[in-house]
1. Consider A8 carefully, then state whether it is in contact with a Lys or Arg (Cβ under 9 Å, 6 or more places away or on another chain) and assigned to a helix (DSSP H, G or I).
2. Can you tell me which condition D33 does not meet? The list is (1) farther than 16 Å from I9 by Cβ; (2) in contact (Cβ under 8 Å) with a residue 12 or more places away in the chain; (3) surrounded by 13 or more Cβ atoms within 10 Å (Cβ to Cβ); (4) acidic (D, E), and all the others hold.
3. Quick check on I21: is it surrounded by 13 or more Cβ atoms within 10 Å (Cβ to Cβ) and touching a His at 6+ places or on another chain (Cβ under 7 Å)?
4. Could you check the range 46-64 and list, in sequence order, the residues that are within 22 Å of V5 (Cα to Cα), modelled with pLDDT of 95 or more and of a type in the set (D, E)?
5. Only residues that are among the hydrophobic types (A, V, I, L, M, F, W, C) and surrounded by 16 or more Cβ atoms within 10 Å (Cβ to Cβ): list them for the range 36-50, please.
6. Could you tell me whether the range 36-54 includes any residue that is over 18 Å from the mean Cα position of the chain (by Cα) and on the phi > 0 side of the Ramachandran plot?
7. Using beta carbons and a limit of 9 Å, which pairs, at least six apart or on different chains, have the first residue in the range 69-91 and surrounded by 11 or more Cβ atoms within 10 Å (Cβ to Cβ) and the second one polar (S, T, N, Q)?
8. Within the group S43, S67, which residue is part of a helix (DSSP H, G or I), among the small types (G, A, S), at pLDDT 95 or above and touching a helix residue (DSSP H, G or I) at 6+ places or on another chain (Cβ under 6 Å)?
Amino acid sequence: MRRDVFQAIADPTRRAILALIAIQAMTPNALADQLDSSRQAVSKHLRILRECEVISQEQQGREIFYSIELDKMKEIDKWLEQFRAIWENRYSQLDDLLKTLKDRKQS
């Protein structure tokens with residue numbers, strides 16, 4: 001099944017996993033310890049994140065380390081950019097309104 005990158009960030013546990021492996025590559029056991037969760041639950045989330053191509057895995061000896069794929073995360077940032085411009089414009093309008101109200105009050 002082809003998954004969408006937004007499915008990767010839809011779940012709070014997957015967002016927590018992404019936050020952890022953004023700092024450093026981690027094994028499923030290390031993630032389970034950090035999240036106070038079972039390894040099976042973490043593995044399920046890792047599978048979904050891999051299907052969404054948001055993380056990659058690397059075998060190092062007997063351990064598998066997971067790390068974040070920045071290019072996929074950039075897709076999310078690019079999509080959010082359209083909303084960021086709207087929000088910044090609205091905040092700017094609010095600042096202007098508050099300044100006008102403050103100026104009127106002082107007059």
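1. Working: in contact with a Lys or Arg (Cβ under 9 Å, 6 or more places away or on another chain): yes; assigned to a helix (DSSP H, G or I): yes.
Against the criterion (in contact with a Lys or Arg (Cβ under 9 Å, 6 or more places away or on another chain) and assigned to a helix (DSSP H, G or I)), A8 qualifies.
2. Single failed check for D33: (2).
3. Numbers: surrounded by 13 or more Cβ atoms within 10 Å (Cβ to Cβ): yes; touching a His at 6+ places or on another chain (Cβ under 7 Å): no.
For I21, the condition - surrounded by 13 or more Cβ atoms within 10 Å (Cβ to Cβ) and touching a His at 6+ places or on another chain (Cβ under 7 Å) - is not met.
4. Matches in the range 46-64: E58 only.
5. Quick first cut of the range 36-50, residues among the hydrophobic types (A, V, I, L, M, F, W, C) only: 41-42, 46, 48-49.
Once the filter is applied, which keeps residues that are among the hydrophobic types (A, V, I, L, M, F, W, C) and surrounded by 16 or more Cβ atoms within 10 Å (Cβ to Cβ), the range 36-50 yields V42, L46, I48, L49.
6. Yes, the conditions are met somewhere in the range 36-54.
7. Cβ pairs passing all conditions: E69/S56.
8. Answer to the check: S43.
The values are calculated or read from the model by the stated rules, or taken from the named source; none is laboratory data. Just so we're clear, the structure is a prediction, and the values are computed from it rather than from any experiment. Here Cβ is always computed from backbone atoms with ideal geometry, including for glycine, and neighbour counts include all displayed protein chains.
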